[in-house]
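Student: First the structure, then my questions, so here it is.
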Amino acid sequence: MIAFASAITKPDVYDECAGPGIERTREPDSVVIANAGAGSIFRSYNLILEQAADLPDLEALVLLHQDAEIIDPGFCAKLRRALSDPVVGVVGCVGAVGVRSIAWWEGSVTWASFTHRYRELGGGDLPAFSFNGVDQPAYSRTGEVDTVDGFVLALSPWVVRNIRFDESLGQALHGYDFDFCLSVREAGRKVVTEDFQVVHHHSLDLVSDPDTWVEAHIRVAEKWDGRMPHVGEVGGDWKARARRAEAEAAVLRVVAVSNEMKAQARERRLQQDFDITTESISWKLTLPLRKANVWRQSVAERRRNGGGHPNGNGS
């Protein structure tokens, strides 16, 4: 039996996104745990894990952000395939290798089968490189990674019963997924990606509070320093200033990515408006008038410049 769960802080968002996706994906015997958020996401997810750990015949627990919508009709079959390897502990739809901090996107992202759906600037979609299965880069592949993005986390029964989110890391939403994946890997289990088709309904603002992101970056780096190879490594020694500088640089790169996404959204909206305008009947009917106006303006400009009549005969 595959169970689905969300920690809900905005019921309207859950009803619009995660809820319909779960109903579309769940099997007749699936259990759905839709809990109200209990403080931090660490605490909320631990409470869900405690409930799921007691479920008989549990095959997997799928933790979904309330704004994540599964649209994949083959989701359950793909999840079972990924978990057929008994060493696999976590499955996600976005993952990277070479990751050494909560800024996992600074590693090598090897799979990303989701689309980012936003409402700003008239709304739109920004599909990730693996979403459509078309024109994928040569390096794209599913399989073992260092970490996955936490908006979709599918956990094996062993992980559900043996690993917990670290509530000591604070109240922030940031870094919980990377820290959890490190705990799973430290326990000898694998983290992998699978070709799940998911829509993430999310603002183009990727980091709403840079200060809390920086603090989370530092806490997770300090926790895993020396415990997991390469995690938290930077040039020089481990001074607080170096940790903070790296964290601040990383969050600035997140902001830059967010701004780039907004620029793409604006460009797409302008193109849509232009296409609508140029395909309208009024635009087509007034085309001769616009051409005549351009010609008259050209004649007037030439006369002002002493160029005479545009046909070149000066009359």
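All of the numbers you see were taken from the coordinates with simple rules; none came from a lab. Only a predicted model underlies this, so the values are computations on that prediction, with no experimental measurement involved. Glycine also receives a Cβ, built like all others from the backbone with ideal geometry; neighbour counts cover every protein chain displayed.
Student: Starting from a Cα-only point model with no solvent, please compute log10 I(q)/I(0) by Debye for segment 2-203 at q = 0.17, 0.18 1/Å.
Tutor: Reported log10 I(q)/I(0), two decimals: -1.19, -1.37.
Student: Which loop trypsin sites (Lys or Arg not before Pro) in segment 156-207, with loop taken from DSSP, have no more than 13 other Cβ atoms within 10 angstrom of their Cβ? All intermediate terms of the calculation are to be shown ahead of the outcome.
Tutor: Working: sites: ARG161, ARG164, ARG185, ARG189, LYS190; in loops: ARG164, ARG189.
Passing sites in segment 156-207 do not exist.
Student: Taking the Cα-to-Cβ direction at ASP12 and at ARG303 and moving 7 Å from each Cα, how far apart do the two end points lie in nm?
Tutor: Result: 6.0 nm between the two label points.
Student: Set the Förster radius R0 to 45 Å, insert the Cβ-Cβ distance between ARG161 and GLU267 as r into 1/(1 + (r/R0)^6), and round the FRET efficiency to 0.05.
Tutor: The calculated FRET efficiency here is 0.40.
Student: Right, next: Remind me, relative contact order of segment 2-203 in percent, using alpha carbon pairs under 8 angstrom and six or more residues apart? Numbers along the way, then the final one.
Tutor: Values: 445 pairs, mean separation 59.2, N = 202.
Relative contact order, segment 2-203: 29 percent.
Student: Here is a follow-up. Can you give the relative contact order of segment 40-150 as a percent, counting alpha carbon pairs under 8 Å and 6+ residues apart? Don't skip to the answer; put the middle values down first.
Tutor: Values: 110 pairs, mean separation 24.1, N = 111.
It rounds to 22 percent for segment 40-150.
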